[in-house]
Amino acid sequence: MKRLTHRRRTPVSVPDLIDEINYATQGWSAYFHYQHSTKVMARVKWFTEERVRKHLCVRHKVRTRTNGYKRFSTDFLYNKLYLYRIPTYAKWKRAQALQ
């Protein structure tokens with residue numbers, strides 16, 4: 001995630017950047033998601049939101065964290081930019097490998 005949202009990647013358009021992030025997070029969450037991963041997936045979700053928000057703040061020269069949260073809220077990230085919502089709970093009872 002750090003590599004995808006690095007400062008050197010500010011010339012990349014936002015839709016292309018979000019597509020790359022979505023591709024990486026969908027694959028990662030599908031591969032590593034299992035029953036007892038709620039806390040880990042919640043941390044990954046939070047980290048992804050923070051990195052995207054920080055990247056947008058650098059791109060748009062928003063100087064304070066408070067203004068960054070106001071301008072690039074969670075609703076903005078998911079509803080306007082269509083960032084992938086990382087699931088924080090498993091839909092099945094047991095890990096698929098054990099079934």
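Per residue of the chain, what 222 nm ellipticity follows from adding -39500 (n - 2.57) for every DSSP H run with n ≥ 4, rounded to the nearest 500?
Values: 3 runs with 49 residues, N = 99.
That calculation yields -16500 deg cm²/dmol at 222 nm.
For the chain, the longest principal axis of the Cα atoms and the long axis of helix 14-32 meet at an angle of about 20 degrees. Here the 3J(HN,Hα) profile of segment 2-8, calculated from phi with Karplus coefficients 6.51, -1.76 and 1.60 at θ = phi - 60°, is 4, 5, 6, 10, 5, 4, 5 Hz, Gly and Pro shown as x.
Sequence-ordered 3J(HN,Hα) estimates for segment 50-61 from the Karplus curve with 6.51, -1.76 and 1.60 and θ = phi - 60° stand at 5, 5, 5, 4, 5, 4, 5, 5, 5, 4, 9, 6 Hz, glycine and proline given as x. On the chain, 54 percent of the accessible area sits on carbon and sulfur atoms, based on a 1.4 Å probe. With all protein chains kept in place, the per residue accessible area of the chain amounts to 74 square angstrom at a probe of 1.4 angstrom.
If N is the number of residues in the chain, what value comes out of its Cα radius of gyration divided by 2.2 N^0.38 Å? Walk me through the numbers on the way to the answer.
Working: Rg = 14.9 Å, N = 99, 2.2 N^0.38 = 12.6 Å.
After normalising by residue count via 2.2 N^0.38 Å, the value is 1.18.
Explain nothing, just the number: dipole magnitude of the chain about its Cα centre with +1 on each Lys and Arg Cβ and -1 on each Asp and Glu Cβ, in debye rounded to the nearest 20.
On the way: 22 positive and 6 negative charges, 96 e Å.
Computed about the Cα centre, the dipole is about 460 debye.
Using the Karplus relation 6.51 cos²θ - 1.76 cosθ + 1.60 with θ = phi - 60°, the per-residue 3J(HN,Hα) values for segment 69-79 come to 5, 6, 6, 10, 5, 4, 4, 4, 4, 8, 8 Hz, with x marking Gly and Pro.
Highest GNM mean-square fluctuation among Lys54, Lys70, Lys45, for the chain modelled with Cα contacts below 10 Å: Lys70.
The values are calculated or read from the model by the stated rules, or taken from the named source; none is laboratory data. All values reported here derive from a predicted model rather than from experimental measurement. Cβ atoms come from the backbone with ideal geometry, glycine included; neighbour counts cover every protein chain shown. To get the accessible areas, we keep the full protein, side chains included, count just its heavy atoms, and leave off ligands, DNA and RNA. Shrake-Rupley method; radii C 1.70, N 1.55, O 1.52, S 1.80 Å.
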